[in-house]
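Quick notes on the structure that follows.
We did not get these values from a lab; they are worked out from the coordinates using the rules stated. Fair warning: this is a prediction, and the values are worked out from it, not measured in the lab. All Cβ positions, even for glycine, are placed from backbone atoms using ideal geometry, and neighbour counts span all protein chains on display.
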Amino acid sequence: MSDRIAVFNLGRIEQIDTPTAIYEHPATAFVAGFVGVSNVCEGELARRLAGAPEPFAIRPEKIRIAREEMSATDRSDSATGKVESVIYLGAATRYLVALDGGGSLAVLYQNADERDTGLATGARVRLSWLPRHRQRLSGQRA
């Protein structure tokens, strides 16, 4: 184990930080993808989801999924869409959601009990997440 990690891309340092910081606060899209699955949003998709075109990443496990008619909390960002795929992974279920207006987000739902979400392919859903879970990405190297 290490208390500091350096992530290299093509021989150049992308980020040096603690394991937690690299996972929770990736500096670039490369780092976000290198240390696990992440939704990288940029351009028009970022503008629709966050109000600005600056790129950001959000981890699938930080996104909540519910039927479309459910409302997001006042402090949450949200988007609606349609479930494109459902993959049961045992401890979790992975949903891929095609967003209204374009783009898609992966969601990881923890199967903490025996209850099924009942969300099958084709279901209309609302995704929500806390703004603090949006991790701003830069194109600059560390």
**OP:** Would you work out the charge dipole size for the chain about its Cα centre, treating the Cβ of every Lys and Arg as +1 and the Cβ of every Asp and Glu as -1, and quote it to the nearest 20 debye?
**Re:** 200 debye
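Stretched out fully, how many nm does the piece from Arg4 to Arg47 gain, at 0.36 nm a residue minus the Cα gap? Walk me through the numbers before you get to the answer.
Numbers: separation 43, 0.36 × 43 = 15.48 nm, distance 3.32 nm.
Result: 12.2 nm gained on full extension.
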Original post:
Between Ser76 and Ser138, what is the spin-label point distance in nm, taking each point 7 Å from the Cα along the Cα→C-beta axis?
Top reply: 3.2 nm
Original post:
Which GluC sites (Glu not before Pro) does the stretch 10-111 hold that lie in a coil by DSSP with at most 16 other beta carbons within 10 Å?
Top reply: Glu42, Glu68, Glu69
Original post:
With each label point set 7 Å from Cα along the Cα-Cβ vector, what nm distance links Ala98 and Thr18?
Top reply: 4.2 nm
Subject >> Relative contact order (%) - criterion: Cα under 8 Å, at least six apart; region: the stretch 85-140 >> reply: 25 percent
**OP:** Would you mind ranking Arg59, Arg124 by Cβ crowding within 10 Å, fewest neighbours first?
**Re:** Arg124, Arg59
